[in-house]
Amino acid sequence: VGDVIEADTVDVDAALVAADAYTMNWQTVQPAERADALARAADLLETHQLELMALAIREAGKSLPNAIAEVREAVDFLRYYAAQVQSTPNALALGPVVCISPWNFPLAIFIGEVSAALAAGNVVLAKPAEQTPLIAYRAVQLLHDAGIPRGALQFLPGSGETVGAKLVADKRVRGVIFTGSTGVAQIINRTLAKR
C-alpha cells in the first residue's frame with residue numbers, strides 16, 4: 001500500500017518543542033478562522049473521497065460500504081466541530097494535546113479526535129494506530145492544505161511503546177484523546193496520574 005518512516009524519540013522531542021512553542025499562536029486564532037479551516041478540510045475530504053476510500057480498503061481492510069461510511073463520518077466530524085466553535089468567543093485552550101486513534105476507524109476517529117482538539121484551540125500531536133498510518137497521513141496533508149498550520153498539527157506515526165508512551169509521559173502534554181483498548185487506556189491513565 002505504501003511506506004512509512006516511524007517517528008523515533010528524537011522526532012517526538014522535536015515535535016513537543018515545536019508544539020509547546022506554537023501553543024499560543026493557535027490559541028489566539030479566532031474560533032471562526034479555525035472553523036473555516038475545518039470546513040475547508042471537510043470539503044477536501046469529500047473531493048478526495050475515492051482516494052481515502054481506497055486507502056481505507058487497502059490499508060485497513062474496510063469493505064466498500066464501510067469505507068464510504070468512514071469518509072462520511074470524518075467529514076461529519078469536521079463540519080460538526082467547525083459549527084460548534086463558529087460563533088464562540090475565544091477561550092483559553094489546554095495547550096498541546098495528543099490524539100491516539102485506533103486501526104479499526106483509521107480516518108473517522110482520527111479526524112474526530114484531531115478536529116475536536118483543533119477546534120478548541122489546542123495544538124495537536126497526532127499518533128495514528130501503527131497499522132494504519134497512511135490514511136492518517138493523507139488526512140493530515142489535507143488538513144494542512146485546508147489551512148491548519150503545521151505548527152498546530154503534527155503527525156507522529158510509530159509504535160505505542162515508543163511514540164505514544166513518550167508523548168503521554170511528557171509534562172508539556174496537557175491532554176490526551178484516546179480511542180482504543182481498555183488495557184492501553186489504563187496504562188495511559190496510570191502514566192498521567194504520575195504527573
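The values are calculated or read from the model by the stated rules, or taken from the named source; none is laboratory data. Model, not experiment: these values are computed from the prediction. Positions of Cβ are generated from backbone atoms using ideal geometry, with glycine treated the same way; all protein chains shown enter the neighbour counts. Just the protein is used for accessible areas: all its heavy atoms, side chains included, with ligands, DNA and RNA removed. Shrake-Rupley method; radii C 1.70, N 1.55, O 1.52, S 1.80 Å.
For GLN86, the criteria (1) open to solvent by 60 Å² or more (accessible area, probe 1.4 Å); (2) at pLDDT 95 or above; (3) touching a helix residue (DSSP H, G or I) at 6+ places or on another chain (Cβ under 6 Å) hold in every case but one, which is (2). Of the candidates VAL163, VAL98, VAL124, the single residue that is modelled with pLDDT of 95 or more, crowded, with 21+ Cβ neighbours inside 10 Å and either touching a His at 6+ places or on another chain (Cβ under 7 Å) or farther than 19 Å from TYR22 by Cα (or both) is VAL163. Of VAL71, VAL10, all but one fail to be of a type in the set (Val, Ile, Thr), under 13 Å from ARG138 (Cα atoms) and either touching a helix residue (DSSP H, G or I) at 6+ places or on another chain (Cβ under 9 Å) or assigned to a helix (DSSP H, G or I) (or both); the exception is VAL71.
So that you can scan it fast, the table gives a plain yes or no per residue for (1) open to solvent by 60 Å² or more (accessible area, probe 1.4 Å); (2) in contact (Cβ under 8 Å) with a residue 24 or more places away in the chain; (3) under 25 Å from GLY164 (Cα atoms); (4) acidic (Asp, Glu):
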{"residue": "THR23", "(1), (2), (3), (4)": "no, yes, yes, no"}
{"residue": "GLN30", "(1), (2), (3), (4)": "yes, yes, no, no"}
{"residue": "ALA37", "(1), (2), (3), (4)": "no, yes, no, no"}
{"residue": "ASP43", "(1), (2), (3), (4)": "yes, yes, no, yes"}
{"residue": "THR47", "(1), (2), (3), (4)": "yes, no, no, no"}
{"residue": "GLU51", "(1), (2), (3), (4)": "yes, yes, no, yes"}
{"residue": "ALA56", "(1), (2), (3), (4)": "no, yes, yes, no"}
{"residue": "GLU59", "(1), (2), (3), (4)": "no, yes, yes, yes"}
{"residue": "LEU64", "(1), (2), (3), (4)": "yes, no, no, no"}
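With respect to being open to solvent by less than 50 Å² (accessible area, probe 1.4 Å) and of a type in the set (Phe, Trp, Tyr), PHE178 falls outside the description.
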